[in-house]
């Protein structure tokens, strides 16, 4: 992990349950807390980078709300998400993490033939499928992938022992460390 | 019937928020309308919209009514969201 915000998110998502920093300013225990901070992020982003603000905000909203939609009542231990952002003149960075079930566990329930974390990430970003079937949903990460490409963003998505790198193209590979839940880093 | 989304909010993300919006619109805007009624969905003033929210509102309105028009839909996220709904949610408008 590169900078301090990324390291904090990495620590937050990987430490033992009893050591999770729930007093962190980046911790959003509920969707309401996230939405309040998300609203502040959007205002700041429109002030600094108006041309990119709407798409970047929509991408962040989809990823963060996925965490709540798919883990409500099923968090592994600590509920909620880590949500941090920093904007400078030439760089946007947004970091999200959750200690939920992860993509593989979520999708295996509705597509049992998925065998590992890498396959699960591939399916999540390319197929219309939702862990909440029979609800008709499952378009969020496809929207994320297409708009990361169109806006020239870079997105790293870790879940389990897999890592997806998205920019002009998508590359999914094994990640040596196991990320229980999800860790997402967006840069532009 | 015209539905001005800015009256719901300028940031429209998340399925729970979309579901709530659809219930309100159904009760106050769409009640007693026949499927032939013209429905105009006006996106003016919307800063951010995401497919999760829109799937709960736009897709459902389009499934119920035959004549749905989208107004002031030039915003970048509106266009990106509609594209996603057309590709992955079967939106026909």
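Go through the range A:63-90 residue by residue and tally those that are within 9 Å of chain B (Cβ to nearest Cβ) and surrounded by 24 or more Cβ atoms within 10 Å (Cβ to Cβ). Lay out the reasoning, then the answer.
From the range A:63-90, those within 9 Å of chain B (Cβ to nearest Cβ) are A:64-66, A:68-69; that's our starting set.
Those still in the list that are surrounded by 24 or more Cβ atoms within 10 Å (Cβ to Cβ) too: A:64-66.
Selection size over the range A:63-90: 3.
If you check A:15, A:59, A:22, which single one turns out to be within 14 Å of chain B (Cβ to nearest Cβ) and either in contact with a helix residue (DSSP H, G or I) (Cβ under 6 Å, 6 or more places away or on another chain) or more than 26 Å from residue A:139 (Cα to Cα) (or both)?
Values: A:15 fails: within 14 Å of chain B (Cβ to nearest Cβ); A:22 fails: within 14 Å of chain B (Cβ to nearest Cβ).
That would be A:59, the only listed residue that is within 14 Å of chain B (Cβ to nearest Cβ) and either in contact with a helix residue (DSSP H, G or I) (Cβ under 6 Å, 6 or more places away or on another chain) or more than 26 Å from residue A:139 (Cα to Cα) (or both).
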### Message
With the structure loaded, tell me whether residue A:57 is free of Cβ contacts under 8 Å to residues at least 40 places away in the same chain and within 24 Å of residue A:145 (Cβ to Cβ) or whether it fails that test.
### Response
yes
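Keeping to the range A:41-54, report how many residues are more than 16 Å from residue A:93 (Cβ to Cβ) and either crowded, with 24+ Cβ neighbours inside 10 Å or at the interface with another protein chain (Cβ under 9 Å from one of its Cβ atoms) (or both). Spell out how you get there, then give the answer.
We begin by selecting, within the range A:41-54, every residue more than 16 Å from residue A:93 (Cβ to Cβ); these are A:43, A:46-47, A:50-51, A:54.
Checking which are either crowded, with 24+ Cβ neighbours inside 10 Å or at the interface with another protein chain (Cβ under 9 Å from one of its Cβ atoms) (or both) leaves us with A:46, A:51, A:54.
Qualifying residue count for the region: 3.
Hey, among B:16, B:51, which residue is over 12 Å from the mean Cα position of the chain (by Cα) and surrounded by 15 or more Cβ atoms within 10 Å (Cβ to Cβ)? Can you show your working first?
On the way: B:51 fails: over 12 Å from the mean Cα position of the chain (by Cα).
Criteria check complete, one pass: B:16.
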## Note on the structure
Among (1) outside any strand (DSSP E or B); (2) surrounded by fewer than 21 Cβ atoms within 10 Å (Cβ to Cβ); (3) in contact with a helix residue (DSSP H, G or I) (Cβ under 8 Å, 6 or more places away or on another chain), residue A:113 falls short only on (3)
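Restricting to the range A:78-104, name every residue that is in a loop (DSSP other than H, G, I, E, B) and touching a strand residue (DSSP E or B) at 6+ places or on another chain (Cβ under 6 Å).
A:80, A:99, A:100, listed by residue number.
On the basis of being under 19 Å from residue A:170 (Cβ atoms), in contact (Cβ under 8 Å) with a residue 40 or more places away in the chain and within 14 Å of chain B (Cβ to nearest Cβ), does residue A:96 make the cut?
On the way: under 19 Å from residue A:170 (Cβ atoms): yes; in contact (Cβ under 8 Å) with a residue 40 or more places away in the chain: yes; within 14 Å of chain B (Cβ to nearest Cβ): yes.
Yes.
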### Residue pairs meeting the criteria (Cβ under 6 Å; at least 6 apart or on separate chains; first under 19 Å from residue A:102 (Cα atoms), in the range A:1-21; second loosely packed, with under 13 Cβ neighbours inside 10 Å)
A:17/A:77
### Task
Please work out if residue B:85 is in a helix (DSSP H, G or I), at pLDDT below 95 and under 30 Å from residue A:30 (Cα atoms).
yes
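Yes/no per residue for (1) over 17 Å from the mean Cα position of the chain (by Cα); (2) within 22 Å of residue A:9 (Cα to Cα); (3) away from chain B (no Cβ under 14 Å):
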site	(1), (2), (3)
A:106	no, yes, yes
A:127	yes, no, no
A:130	no, no, no
A:160	no, yes, yes
A:165	no, yes, yes
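Quick grid of which residues meet (1) in a loop (DSSP other than H, G, I, E, B); (2) on the phi < 0 side of the Ramachandran plot:
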| position | (1), (2) |
| --- | --- |
| B:16 | no, yes |
| B:21 | no, yes |
| B:31 | yes, yes |
| B:36 | yes, yes |
| B:45 | yes, no |
| B:52 | no, yes |
| B:57 | no, yes |
| B:62 | no, yes |
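The values are calculated or read from the model by the stated rules, or taken from the named source; none is laboratory data. Every value quoted in this text rests on a predicted model; they were computed, and no experiment measured them. Note that each Cβ is placed from the backbone with ideal geometry, even for glycine, and that neighbours are counted across all protein chains shown.
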